[in-house]
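First up is the structure itself, then whatever we jot down about it.
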Amino acid sequence: MIRQSLSRIRTNLRGWSTNRKIVVIESDDWGSIRMPSRNTYEKCLQAGYPVDQEPFERYDSLESEEDLCSLFDLLMSFIDSNGNKPGITANCVVANPDFDKIKEDGFQTYHYELVSETFKKYPKHSKSFDLWEEGMTLGIFNPQYHCREHLNVSLFMRDLGRGVEEAHFGFKNNMPGCLPKGANSTGNSYVEATSYSSEADKREKLNFYLEGLDIFEDIFGKQSKSIIPPNYKWSPDFNTALRAKGVRFIQGLHTMFEPIPGKQNNHYYHFLGKMSEGGLISLVRNAIFEPSQTIKGVSDPVDYCLYDIALAFRMKKPALISSHRLNYIGYIDENNRKKNLRQLKTLLSEVIKRWPDVEFLTSDQLGETIAAGYELCTETSANKS
């Protein structure tokens, strides 16, 4: 616990500071397939896959209409000191594997479908994309770019070709692969979309990522100003290409992971407002509200998050809360959504009670605020010269 506390302090030590009480809720994985149904979940258990031990396999699924409506109703019931709702930064995927076409091609060629098409294939999801758009209009659902699909395409296709059991079981059940069998499972590596095994694979992953940014712009009619690397795995070499696509901010943790082919991941560090060589400004998560996940030593996720927020404010930092989609999904387990929405309601109520001057911003809004400082400094320097 001491090490954990020191880590939380270290995250806030450097970087952009403010006296404003700013709260940002960053939520990843919207639009991505995961566990398709309760029936498939039971199939996984019967086949020996320990999906009950991994929260993302146990609870996460493509968001249904009821999932979205329940979350939106709650968010609409709160306002900050400026009259704004606590809109979430919804980091979205824009596509998913087209399993039928891949099978038709004999597993030789990868095909994807747009997320709007995926919604149509699920039984309680036909209006989910319309609800995304409604949430955008209401200011409570702000899409930003996560990845094209939450899938390591080269790894998935390679293992399908080799007959790897986890890949074929996942494919047969319209899943992005599956985690390995056994009590010591390391998780589902097939969802690590930006991991790569060679320089050629690295170039391909960048091309996939850039294509997804174009799709994002086509779908939403705007460029994504920020991105969040899937699984926090990212090469800084990609930043320049993203800046050319209109991306200005990179969300993430204090510690990020760069894949190194044939070796362990390289750890590198961000702080809030750090400008990368590629011109992206870092937005660093310093608070956690992940009630569906087990965090060692944490019995109350609301209190844990409130501590993070209070620490951030004491150190003159905005609070950037990590809160993945799985916390608000009830399509597999309805109690997961109900329980966590009650806790989110408590969290937001306490935030407004403790800090009446709180301001709810989205990631890109915070990024623009930080960037304005850079622009002011540049303008001042130019005037002095």
Hits in segment 254-272 (condition: buried (at least 20 other Cβ atoms within 10 Å of the Cβ) and closer than 17 Å to residue 316 by Cβ): 254, 272
Listed residues 83, 87; which is touching a Ser or Thr at 6+ places or on another chain (Cβ under 6 Å) and farther than 27 Å from residue 165 by Cα? 87
Need pairs with beta-carbon distance below 7 Å; first residue without any contact (Cβ under 8 Å) to a residue 60 or more places away in the chain and under 22 Å from residue 24 (Cβ atoms) and within segment 329-348, second hydroxyl-bearing (Ser, Thr, Tyr) and assigned to a helix (DSSP H, G or I); sequence gap 6+ or separate chains. 340/328
Tell me the residue from 36, 86 that is touching a residue at least 60 places away in the same chain (Cβ under 8 Å), in contact with a helix residue (DSSP H, G or I) (Cβ under 8 Å, 6 or more places away or on another chain) and not in a helix (DSSP H, G or I), please. 86
Result of the Cβ filter at 9 Å on segment 5-24, keeping first residues that are touching a residue at least 24 places away in the same chain (Cβ under 8 Å) and part of a strand (DSSP E or B) and partners that are surrounded by fewer than 19 Cβ atoms within 10 Å (Cβ to Cβ) and of a type in the set (Lys, Arg), at least 6 apart or interchain, is 15/274
Within segment 115-157, residues within 18 Å of the chain's Cα centre (by Cα) and acidic (Asp, Glu) come out as 149
Of all the residues that make up segment 261-279, how many are part of a strand (DSSP E or B) and either over 14 Å from residue 229 (Cβ atoms) or touching a residue at least 24 places away in the same chain (Cβ under 8 Å) (or both)? 4
Yes or no: segment 55-77 includes at least one residue that is in contact with a His (Cβ under 8 Å, 6 or more places away or on another chain), free of Cβ contacts under 8 Å to residues at least 60 places away in the same chain and not small (Gly, Ala, Ser). no
When every residue in segment 284-295 that is in a loop (DSSP other than H, G, I, E, B) and without any contact (Cβ under 8 Å) to a residue 40 or more places away in the chain is compared, the one farthest from residue 322 (Cα to Cα) is 295
Is it fair to say residue 285 is of a type in the set (D, E, K, R) and closer than 15 Å to residue 144 by Cβ? yes
For segment 290-320, give me each residue that is crowded, with 24+ Cβ neighbours inside 10 Å and among the hydrophobic types (A, V, I, L, M, F, W, C). 305, 309, 319, 320
Residue count for segment 276-304, restricted to those that are within 20 Å of residue 14 (Cα to Cα) and modelled with pLDDT of 95 or more: 9
So which residues in segment 167-211 are within 20 Å of residue 93 (Cβ to Cβ), among the aliphatic types (A, V, I, L, M) and either surrounded by fewer than 18 Cβ atoms within 10 Å (Cβ to Cβ) or within 22 Å of the chain's Cα centre (by Cα) (or both)? 175, 179, 191, 193, 206, 210
Those residues of segment 352-366 which are assigned to a helix (DSSP H, G or I) and surrounded by 24 or more Cβ atoms within 10 Å (Cβ to Cβ), in sequence order: 363, 366
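The values are calculated or read from the model by the stated rules, or taken from the named source; none is laboratory data. Note that the structure is predicted; figures quoted are calculated from it, not measured. No Cβ is skipped: glycine too gets one built from the backbone with ideal geometry, and neighbour counts run over all protein chains shown.
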